[in-house]
1. R394 is checked against (1) within 16 Å of the ligand (Cβ to nearest atom); (2) within 18 Å of Q583 (Cα to Cα) and fails just one. What number does that condition carry?
2. When the range 553-601 is examined, which residues are found to be of a type in the set (G, A, S), in contact with a helix residue (DSSP H, G or I) (Cβ under 9 Å, 6 or more places away or on another chain) and within 14 Å of the ligand (Cβ to nearest atom)?
3. Looking at the range 322-352 only, could you name the residues that are open to solvent by 20 Å² or more (accessible area, probe 1.4 Å), part of a helix (DSSP H, G or I) and at pLDDT 90 or above?
4. Working only within the range 353-382, note down all residues that are at pLDDT 90 or above, away from the ligand (no atom under 12 Å from the Cβ) and surrounded by fewer than 14 Cβ atoms within 10 Å (Cβ to Cβ).
5. Among (1) open to solvent by less than 10 Å² (accessible area, probe 1.4 Å); (2) within 16 Å of the ligand (Cβ to nearest atom), there is one condition A296 misses while meeting the rest; what is its number?
6. Checking the condition surrounded by 16 or more Cβ atoms within 10 Å (Cβ to Cβ), away from the ligand (no atom under 16 Å from the Cβ), part of a helix (DSSP H, G or I) and among the aromatic types (F, W, Y), which residue from Y438, Y466 passes?
7. Is the range 580-590 home to any residue that is modelled with pLDDT under 80 and in a loop (DSSP other than H, G, I, E, B)?
8. Scanning for something under 30 Å from S338 (Cα atoms) and among the acidic types (D, E), does the range 127-140 turn up at least one residue?
Amino acid sequence: MKLSEIKEALKLHARAIPVIRKYQPGYIASSFINNGLNAALPYSAIYFSARIIDVLSTDREPKSLLFWVILTVCTEAVLGVVSIFVRRWRTLHEYMLYEQDFPIYTHKALSMDFCVFDRRETADLLTQIDQNREFVACSFIRASMATDGLFRGAFRILGALILSVSLFTLPVENTSAGFLNSPLTAIVFVALLALSAAMGPVFIGKINSYYTGIAERGKMANRVWDFFLELSRDQSKQMDVRTYGQEKFVHHYERSTRFFNAEVLGPMGWLGGFAKGCGTVSTGLIYLFVCLKAWAGAFGIGAVTQYISAIAALSSGVNEFLEAVGDIRSNAAFLRKSFEFLDIPNVMYRGTIPTEKRMDREYEIEFRDVSFKYPSSDIWALRHVNVKFRVGKRLAVVGENGSGKTTFIKLLCRLYDPTEGQILLNGIDVRKYDYRDYLNVFSVVFQDFQLISQPLGANVAGSAEYDAARVTKCLSDAGFGERLATLPRGLDTMLYSDFGEEGINLSGGEAQKIAIARALYKNAPFIILDEPTAALDPIAEAEIYSRFNSIVDDKTAIFISHRLSSCRFCDGIVVFDRGSVCQQGTHEELVSKPGKYAELWSAQAQYYV
Ligand code: ADP
């Protein structure tokens, strides 16, 4: 073990302690007190029984015998009862800490700017952390176990030292064994003892670092297993699995990715054997030294049992302490990854200006020469986009797939900030607004929207508490009213069956209507629908459009679509082509002149006839 490595590992663990305390307050305190008591119990028993043996082996005085027996029984009883409560307290904290390991990462993930979370490196880091956790309980859990081990070791060492100090200080009477009185003898003996005790954890440390090494390889195996496990369980994949015989891949990987074998476990077995051997050597040394001093008359029989037990406990305390240090060292690599993730900074500038809550809904949005590249890409997804629109208008954003329509919306909603240029709301750069406030200006139904397995009403409202009448109205405005009437549990109907059999499954169209209702319930001045009718059949699509004006009401609506038929009723149309706005105008203006819109229109017109 290099000192610098241990130093860095200790630093990382010192950083982990406040995190553990934040997520499971009381864990550290309960571990400290529990280990203190755990050490006090056997040591007090050792001390008192040594006194009783002393009395029995010398004057056999009944009074002093009674005194020590009563003291022993009372102390052990009190310590025993208290330790039961303390152990329960600590066990509870330990279980709760296991539960808290996920929130450490989920809180961070959920507080990240979307554009930061969306980076490939962030996703990679999270995958590695998950795989580490699956492979060995590591990072914060292991840090807490190591801290527990440090406390346990430290208390054992402390107790043993207190009980064995007199072993070294009491002089022998037998002059032929005078060398036992020399401080040098004590030093040599302690050094030998420390050396043999320390060697055990060195071997254990080697086993641990070997484990860290195979964890790297194991992660890949886990990745493969996870993927194929998912393939056999994910319902949405089963049709393809059955149709294309993809189970063959599962069987192939089951056979070819067997990970644990003798070669992988390598030298762990004999390293463990050496570790045990070191423990035996140190115990032997203790017996030798204590017996020599007792033989030379330094102390009586009671003290012999005290020293032998205390020093045996000392060596196991040192072992535990050093094992915990080894654990800390091997856990450092995992903890480093965790902090790498937790330290990822948010990059979006978040201003403080509140957005205007205008009754007249006079909002105006302007894209001023906006260009954008995705974080993990060198290609411009948007280039020199200039667009301006006001509330009350219907704006259609059209273009072929990949032309930049969704990216345009992601920028508008500040999931990303422009790489170049500015987006303005009522003449002010949107970065200057309070971020939450600004997000509340938009309701969006993304193309790949997600509903969650929670009751229908909660899905629409985005919260467990909601205005049922308003939720019902939004659902019926979005065209889900008839279906709602058939649901016996109404708004309490659970969506999907993740949490039980009673959940209902939804067709793509039904899900989309609920997603639209959710956007309506948010009641933001802007409503954005990304391919709003993509999952709907033509009848449902016509139904949505026919009620569109009542759905959108006085909001600004932005439709993104590659179906131009849906744009005719819009006041303005912005045509995207390869990341740029190539045309802007009304349907009549655009369709009558040569250009991308007329080209797309005539290509699709055959379907509208
Ligand atoms: P549209 O909505 O018009 O189909 P998008 O806005 O989704 O188009 O995509 C515009 C361009 O940006 C495409 O070239 C697409 O490949 C790219 N793109 C979209 N999302 C990402 C992403 N997360 N990372 C990198 N490139 C992306």
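The values are calculated or read from the model by the stated rules, or taken from the named source; none is laboratory data. On a predicted model such as this, the values are computed, not experimentally measured, just so you know. In this analysis, Cβ positions are derived from the backbone assuming ideal geometry, glycine residues included, and neighbour counts consider all displayed protein chains. Just the protein is used for accessible areas: all its heavy atoms, side chains included, with ligands, DNA and RNA removed. Shrake-Rupley method; radii C 1.70, N 1.55, O 1.52, S 1.80 Å.
1. (1)
2. Step one: of the range 553-601, the residues of a type in the set (G, A, S) are 557, 561, 565-566, 572, 579-580, 585, 592, 595, 598.
Checking the rest, the ones that are also in contact with a helix residue (DSSP H, G or I) (Cβ under 9 Å, 6 or more places away or on another chain) come to 557, 561, 565-566, 579, 585, 592, 598.
Passing the criteria: S561, G579.
3. Within the range 322-352, R336, K337, E340, L342 qualify.
4. D369
5. In the conditions (1) open to solvent by less than 10 Å² (accessible area, probe 1.4 Å); (2) within 16 Å of the ligand (Cβ to nearest atom), A296 misses (2) alone.
6. On the way: Y466 fails: part of a helix (DSSP H, G or I).
Testing whether each residue is surrounded by 16 or more Cβ atoms within 10 Å (Cβ to Cβ), away from the ligand (no atom under 16 Å from the Cβ), part of a helix (DSSP H, G or I) and among the aromatic types (F, W, Y) leaves just Y438.
7. Of the residues in the range 580-590, the ones modelled with pLDDT under 80 are none.
No, that holds for no residue.
8. Step one: list which residues in the range 127-140 are under 30 Å from S338 (Cα atoms), which gives 127-140.
Filter again for among the acidic types (D, E), leaving 130, 134.
Scanning the range 127-140 turns up at least one residue that is under 30 Å from S338 (Cα atoms) and among the acidic types (D, E).
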